[in-house]
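Written out below as structure tokens is the structure these notes cover.
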Amino acid sequence: FGFVDLDKINGVINSSDGNTGSDGGEGGATDINGDDDTGPYEYMQCPNRGECCNGLESNCDLRPDEMIWASVHNANHDSLLVASNDAPLEEALEAGYRSLLLDVCLCPDESGQKFNVEFCHALCGIGERLPSDVFPNINDFLERNPNEVVMLNFELSIGDPSPEQIWSLMADTGLKKKTYLHDGGNNYPTMRELLDDGK
């Protein structure tokens, strides 16, 4: 562990080549075309034509387990009461995050007699999002961005929900057909293979 120099990190992120200036200080921030740019890092780095997989052409030959995934922990929790995130998970996808960690809960309805699957954060009612809202939004994002793969990580939490319940809710939204289920081992497909297979 060591101290983190945020100014230096921001200089590298905003620089097209990560080099420092000739005086040993930070180099000027430039965009992919070499123009001055002090704005945020642009996620999409692919040419207008040609292959692209999750923002970079070079990702296409990689397997998912060979990549680093920008992830949102408790992605469903952007509401009040100690929110985990400043923005909804849909905005995180637009910003370039491609892995969503979601806590799956089995929570009582208002009558207390029926239990429904929802996303929550440690307790029912906190960070609550309904799969019937979240899954269609993720599916819509993938429809608009066919060169992107999103990793979903479900933590089965409060109330002992089952994977079958989540799978059923995904099927209702069209997201199930885009899902790759890994059967164990180290034989992952490449990103290109996933995308070619509609996953």
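The values are calculated or read from the model by the stated rules, or taken from the named source; none is laboratory data. Fair warning: this is a prediction, and the values are worked out from it, not measured in the lab. Positions of Cβ are backbone-derived with ideal geometry, glycine not excepted, and every protein chain shown enters the neighbour counts. Protein only, heavy atoms only, side chains kept; ligands, DNA and RNA dropped before computing areas. Shrake-Rupley method; radii C 1.70, N 1.55, O 1.52, S 1.80 Å.
Before moving on, here are some points about what is shown:
- Residues (open to solvent by less than 30 Å² (accessible area, probe 1.4 Å) and either more than 16 Å from VAL72 (Cβ to Cβ) or not in a helix (DSSP H, G or I) (or both)) located in segment 112-134: VAL117, GLU118, PHE119, CYS120, GLY127, PRO131
- Verdict on GLU148 being touching a Phe, Trp or Tyr at 6+ places or on another chain (Cβ under 9 Å), among the acidic types (Asp, Glu) and open to solvent by 50 Å² or more (accessible area, probe 1.4 Å): no
- Residues that are under 15 Å from VAL134 (Cα atoms) and in a loop (DSSP other than H, G, I, E, B), drawn from segment 148-178: VAL150, ASP172, THR173, GLY174, LEU175
- Taken over segment 179-191, the criterion of being under 16 Å from LEU142 (Cα atoms) and either surrounded by fewer than 15 Cβ atoms within 10 Å (Cβ to Cβ) or in contact with a Lys or Arg (Cβ under 6 Å, 6 or more places away or on another chain) (or both) is satisfied by THR179, TYR180.
- Candidate set: segment 54-72, residues that are open to solvent by 50 Å² or more (accessible area, probe 1.4 Å) and not in a loop (DSSP other than H, G, I, E, B); chosen: the one nearest to ASN153 (Cα to Cα): SER71
- Scanning segment 181-199 for residues that are part of a loop (DSSP other than H, G, I, E, B) and either in contact with a Phe, Trp or Tyr (Cβ under 7 Å, 6 or more places away or on another chain) or within 16 Å of ASN54 (Cα to Cα) (or both) gives HIS182, PRO189, THR190, ASP197, GLY198, LYS199.
- Residue match in segment 146-156 (condition: under 25 Å from ASP65 (Cα atoms) and over 17 Å from the mean Cα position of the chain (by Cα)): yes
- Pair list, Cβ < 7 Å and 6+ apart or interchain, from segment 108-123 residues that are free of Cβ contacts under 8 Å to residues at least 40 places away in the same chain to residues that are of a type in the set (Val, Ile, Thr) and surrounded by 10 or more Cβ atoms within 10 Å (Cβ to Cβ): LEU123/ILE158
- Just one of the listed residues (ALA92, ALA75) is modelled with pLDDT of 90 or more and part of a loop (DSSP other than H, G, I, E, B), namely ALA75.
- Count of residues meeting criterion [touching a helix residue (DSSP H, G or I) at 6+ places or on another chain (Cβ under 7 Å) and open to solvent by 50 Å² or more (accessible area, probe 1.4 Å)] in segment 85-111: 0
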